[in-house]
Amino acid sequence: MGNETPCRIFVVDDHPAVREGLALLLGQRGIMICGDAEDGAQTMARLESARPDVVLVDLSLQRESGLALIEQLHSRGVTVLVYSMHEDAVHVKRAFAAGASGYVTKREGADILVKAIGEVI
């Protein structure tokens, strides 16, 4: 991912500390956070102006499941990478069925996340 234009990531997670932490970790690795949101409604409202390469979505959002958001994003041709605490096969299968291009658990370190971002792009 050493091209001239930094990769643009939009982060959807209902925990502000997670969004802020990802911005710091990914920013140190040359990946730009072009926007963030805590739920599906905020995501859809902010997405067009953010113009992300990838949307990083947590499956467990406060008011909703991330699966419906993944379906919505996928239907618009947006590349989605799931970043979730859920490690079981059922959640992984559902995420891919909804249109996710990749899946990383929150147990993994930033280097694995960066590698996954590069792979889905």
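The values are calculated or read from the model by the stated rules, or taken from the named source; none is laboratory data. Note that the coordinates shown come from a computational prediction; the quantities given were computed from them, not determined experimentally. When we count neighbours, we look across all protein chains shown, and the Cβ atoms used for this are built from the backbone with ideal geometry, even at glycine. Calculation scope for accessible area: heavy atoms of the full protein, side chains included, ligands and nucleic acids excluded. Shrake-Rupley method; radii C 1.70, N 1.55, O 1.52, S 1.80 Å.
Overview of results
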quantity: Portion, in percent, of the accessible area of the chain that falls on carbon or sulfur, probe 1.4 Å; calculated: 50 percent
quantity: Virtual paramagnetic centre 7 Å along Cα→Cβ of Ala45, amide N under 18 Å, in region 53-68; calculated: 61-65
quantity: Relative contact order [Cα under 8 Å, 6+ residues apart], region 59-102, whole percent; calculated: 45 percent
quantity: Residue with peak Gaussian network fluctuation, the chain [Cα springs, cutoff 10 Å], from Gly66, Gly77, Gly40; calculated: Gly77
quantity: Spherically averaged projected area in nm², based on the convex hull that wraps the Cα atoms of region 7-108; calculated: 5.8 nm²
quantity: Candidates Ala17, Ala100, Ala68, ranked by Gaussian network fluctuation over the chain, Cα under 10 Å, top entry; calculated: Ala17
quantity: Which of Ala41, Leu24, His74, positive extreme of dipole for the chain (C-beta unit charges); calculated: His74
quantity: Average accessible surface area per residue within the chain, 1.4 Å rolling probe, Å²; calculated: 53 Å²
quantity: Over the chain, relative contact order from alpha-carbon pairs under 8 Å, at least 6 apart, %; calculated: 22 percent
quantity: Contact order relative to length of region 75-121, as percent, for alpha carbon pairs under 8 angstrom and 6 or more apart; calculated: 43 percent
quantity: The chain - share of DSSP beta bridges that are antiparallel (%, nearest 5); calculated: 5 percent
